[in-house]
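*Asks:* First the structure, which I've put down as structure tokens, then a few questions once you've had a look.
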Amino acid sequence: MPFDLEPVQAALPGRRIRWFPSVASTMDEAARLAAAGEADVVVADEQTAGRGRFGRSWHSEPGAGLYTTLILRPPLRSGDVPAFTLALALATAEAIARTADLRCDLRWPNDLLLEGKKCAGILVELAGNAFLAGIGVNVNHTRFPDELAHHATSLRLVSGRFHSRERLLIELVRTAESFTRMLVEGGPRPVLDMFRRASSFARGRRVRVNLEGTTLEGVTDDLDPAGFLWLRTADGGRVLIRSGGVRPLE
Ligand code: BTN
């Protein structure tokens with residue numbers, strides 16, 4: 001079903017929403033438009049070079065997913081990016097719950113899971129004084145390429161129902177703005193407390209962490225005040241994970 005911008009714009013007065021049929025990445029379009037001060041939300045039907053963390057690509061099947069970058073200008077600093085990423089994960093989970101009535105697990109720092117598989121991811125980049133919140137949600141995908149099929153799912157595959165990308169974008173802009181406000185007004189603590197409650201990965205989970213060029217195994221042992229993840233290793237040490245891919249060890 002083609003994306004219908006009109007109801008989205010009507011529901012979000014005052015936000016300049018730019019829709020594209022196809023872009024390389026909404027992050028690049030958003031960086032360009034943010035520099036020119038010309039948009040608040042960039043959304044595309046398809047990305048030909050959608051990207052995730054660590055230079056990975058983001059599978060962006062035309063018409064099936066929500067591929068968006070929100071251009072936000074909160075009074076935050078680069079040191080707030082870890083907590084901001086967690087706030088956006090919470091916002092995305094809330095938007096999915098409101099739209100599709102599905103409860104996601106949150107895998108630190110930026111993955112949303114349904115039935116243990118990834119249905120959405122967050123990528124935060126800075127561009128001048130703007131924060132670019134890149135959010136990809138697998139909405140109506142009915143299958144994934146073989147190499148992703150074990151790890152990825154969609155709202156439709158889990159619920160058995162079609163979901164409106166327009167409705168999801170409306171909720172996402174609202175929830176992202178309200179979680180950003182929570183972070184600005186209350187600091188990281190309320191966001192971290194909500195993340196702890198929403199995520200099965202914040203405490204007591206046996207995981208493997210892929211760091212650049214090496215891996216670590218241990219049990220997750222809470223978030224630090226900035227939003228990084230503590231890992232308790234077998235030798236009794238406690239290592240602060242600032243960046244890395246966390247995978248469960250069952
Ligand atoms: C991740 O899980 O590593 C982050 C994935 C982020 C994907 C979104 S889709 C919209 C925006 N444009 C991109 O190229 N990436 C983000």
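All of the numbers you see were taken from the coordinates with simple rules; none came from a lab. This is a predicted model, so every value here is computed, not measured. Counting neighbours? That spans all protein chains shown, and the Cβs are built from the backbone with ideal geometry, glycine included.
*Asks:* Could you work out how far helix 81-100 tilts from the main Cα principal axis of the chain, as a 0 to 90 degree angle to the nearest 10?
*Replies:* Once rounded, one gets 60 degrees.
*Asks:* In whole percent, what relative contact order does the chain give with Cα contacts below 8 Å and a gap of six or more residues?
*Replies:* Averaging sequence separation for qualifying contacts and normalising by length gives 16 percent for the chain.
*Asks:* With Cβ to Cβ distances under 10 Å as the rule, what net charge do the other residues near Asn140 carry (K, R +1; D, E -1)?
*Replies:* +2
*Asks:* Further question: Fully extended, how many nm does the chain gain between Val158 and Ala127 (0.36 nm per residue separation, minus their Cα-Cα distance)?
*Replies:* Full-extension gain reported as 7.6 nm.
*Asks:* Sum up the charges of everything whose Cβ sits under 13 Å from the Cβ of Ile241, counting Lys and Arg as +1 and Asp and Glu as -1, but leave Ile241 out.
*Replies:* +2
*Asks:* Summing +1 for each Lys or Arg and -1 for each Asp or Glu, what net charge is found among the other residues whose Cβ lies under 12 Å from the Cβ of Pro2?
*Replies:* -4
*Asks:* A further question on this structure: Compute the angle between helix 188-198 and the longest alpha-carbon principal axis of the chain, please, reported from 0 to 90 degrees and rounded to the nearest 10.
*Replies:* Compared with the principal axis, the helix lies near 80 degrees.
*Asks:* Hey, another quick one. Which of rounded, prolate or oblate describes the stretch 11-93 when judged by the alpha-carbon gyration tensor and an a/c cut-off of 1.5?
*Replies:* Verdict is oblate for the stretch 11-93.
*Asks:* Oh, and also: Only sites in a loop by DSSP and with at most 15 other Cβ atoms within 10 Å count here; which trypsin sites (Lys or Arg not before Pro) in the stretch 135-239 make the cut?
*Replies:* Sites meeting the loop and neighbour criteria: Arg143, Arg161.
*Asks:* If I stretch the segment between Arg32 and Arg242 completely, what's the gain in nm (0.36 nm per residue apart, minus their alpha carbon distance), one decimal?
*Replies:* Full-extension gain reported as 72.8 nm.
*Asks:* Under 8 Å for C-alpha pairs, at least 6 residues apart: give me the relative contact order for the stretch 1-107, rounded to a whole percent.
*Replies:* Relative contact order, the stretch 1-107: 20 percent.
*Asks:* Could you give the radius of gyration (one decimal) and Dmax (whole number) of the Cα atoms in the chain, in Å?
*Replies:* Calculated on Cα positions, Rg and Dmax stand at 17.4, 57 Å.
*Asks:* Per residue and in Å³, how big is the convex hull formed by the alpha-carbon atoms of the stretch 88-216?
*Replies:* For the stretch 88-216, the hull spanned by Cα atoms encloses 140 Å³ per residue.
*Asks:* For Thr48 and Ala226, what does the FRET efficiency come to when R0 = 51 Å and r is the distance between their Cβ atoms, rounded to the nearest 0.05?
*Replies:* 0.90
*Asks:* Determine, for Phe54, Phe84, the number of other Cβ atoms within 10 Å of each Cβ, and report the residues in order from fewest to most.
*Replies:* Phe54, Phe84
*Asks:* Per the helix-only calculation at 222 nm, which mean residue ellipticity applies to the chain, given -39500 (n - 2.57) for every DSSP H run of n ≥ 4 and division by its residues, nearest 500 deg cm²/dmol?
*Replies:* Theoretical 222 nm ellipticity from helices: -9500 deg cm²/dmol.
*Asks:* Over the stretch 201-248, consider all pairs of different Cα atoms and compute the Kirkwood hydrodynamic radius from their mean reciprocal separation; express it in Å, one decimal.
*Replies:* 10.4 Å
*Asks:* A further question follows. Would you mind giving the three semi-axes, in whole Å and largest first, of the ellipsoid equivalent to the stretch 155-211 according to its Cα gyration tensor?
*Replies:* 26, 22, 9
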